[in-house]
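Each value in this text was obtained by applying a stated rule to the coordinates, not by laboratory testing. Computed from a predicted structure; not experimentally measured. As a convention, Cβ positions derive from the backbone with ideal geometry for all residues, glycine included, and neighbour counts pool all protein chains shown.
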Amino acid sequence: MQNEKINVNVNVVLVGHVDHGKSTLIGRLLYDSESIKDERVDEIQKLAEEYKRRFEFAYFLDSFEDELKEERTIDTMSLMFKSELNNYTITDVPGHKEFIKNMLTGASHTDVAVLVVSAEEGVQEQTRRHLFLLKMLGIKQVFVVVNKMDAVDYSKETFETMKAEITEVLSSFGYATGQILFIPVSAMEGDNIYRRSEKMEWYDGPTLIQALDVVQISEEEKTQRFVVQDVYGVDGESTIIGRVESGMVRRGDEIIFEPSGIQSEIKELKIFGEHLEEARAGDSIGVTIGDRGIIGIMRGDVFGLVESPPKPTKQFLGEAVLLGKELKEGETLELRCGSAKVECEIREIKEKINSETGEVIETNPNGINEHDAATIVFDTEPLVVEKFVEIPELGRFVLVKNGRNIGAGVVLDANF
């Protein structure tokens, strides 16, 4: 494959049913990319011998000796490695709840998802749930890795059977399966990860790293949105601390804060004391504004250009997945989006959705239970949200009850 891109940053999430080899696959990527020091390899080898375990590449992800003893991965992990062309941040999500927490709270912006399916077991419950969430999040670039091919004697027939089974599920979620790449691999043995497998000569597609190296990264400039995290005044200057969530912020921009409604001009941009002319999405910066000062501006506000302002709302339509035991119409709880925390009410539950199949299983239910998904009308205190498909960074929200996250979702319509 030809690729002219150099030093592109690519965010990858690995999903799939438990024990289908996600952690082993990441360990192999870290090892083959020489991102792990020799001392760490020796340390893992000694621990494996001590606890009479087979050497596992998944152990590279386990931070504590206790995890090796228990043979499990405890929490979501993000690691970095490089290929010859790109820099990668790759996230391993061990379970359904961790996936929701990681993907829907904005902790990770994903460019591509890699679905891992065992050649021995095929599609399982968690496989379906993760695909539902990928679709809900609008992640269009998906690679399917059929792992553990060594356990089925590198059988082409088994791979084709798995491919047909997975294609059927992908189609049920609306994916254009003709555009999705299927790669037969053995993460344990290293087949088709970095090096082409000599045991699967019947496969003539790319290795996993070759496929990742040509992932398309959107370079479209989005509408300017800046989330306010703190405000203060020093030596007569009014400074807003926050993060550029989308678009570009430039010195001299005429901006408006919502829901506070305050309009001003950007006088200076700073990062670590350095003056900037502009800042990009993902930059955490200080913004010095004009004469109006900071009175009335508060954490949770969002600013944008006067000609394309953020629009505060008191009601929006969202699609959420429940982590708690139940949620009923009329309940009041806390909703978090960006840096805003507001009170909200469950005005109406329009549809209950099966989070394994994406099918609507009930219309206008009075409530939903753990693991259910639903489309919900939320009444809120004034806040800025955006359609997830347009500005994902302000289209994710978390539901909190009694100090605990009980659900998370995406905004379908902000002003309907």
_My understanding is that a pair violates if its Cα-Cα distance is over 23 Å; which of K135/K328; K82/K199; K22/K401; K135/K311; K135/K350; K163/K350 do that in this structure?_
K135/K328; K82/K199; K22/K401; K135/K311; K163/K350
*Virtual spin-label span in nm between R250 and I217, 7 Å along Cα→Cβ*: 2.3
*For the stretch 312-413, which semi-axes, largest first and in whole Å, follow from the square roots of 5 times the eigenvalues of its Cα gyration tensor?*
20, 15, 12
*Which order results if V10, V400 are arranged by neighbouring Cβ count within 10 Å, fewest first?*
V400, V10
*Listing S171, S264 from the residue with the fewest other Cβ atoms within 10 Å to the one with the most, what is the order?*
S171, S264
*Using r as the Cβ-Cβ distance of R347 and K82, and R0 as 51 Å, what FRET efficiency do you calculate, to the nearest 0.05?*
0.60
*Between H275 and K328, how many nm apart are label points set 7 Å from Cα along the C-beta direction?*
6.0
*Binned Cα-Cα distances of the stretch 225-305, short to long, each 10 Å bin given as a whole percent*: 21, 62, 17
*Sorted by Cβ neighbour density within 10 Å, fewest at the top, the residues M188, M149*: M188, M149
*Using θ = phi - 60° and the Karplus curve 6.51 cos²θ - 1.76 cosθ + 1.60, what whole-Hz ³J(HN,Hα) does each residue of the stretch 118-132 get, with Gly and Pro shown as x?*
6, 5, 7, 10, x, 5, 10, 3, 5, 4, 5, 5, 5, 5, 4
*Nonlocal amide H pairs with V112, under 5 Å, H built at 1.01 Å*: N11, V13
*asked:* Given a Förster distance of 35 Å, report the FRET efficiency between L181 and V360 from their Cβ-Cβ distance, rounded to the nearest 0.05.
replied: 0.70
*Compare the peptides 28-34, 267-273 by average per-residue count of other Cβ atoms within 10 angstrom and give them in order, highest first.*
28-34, 267-273
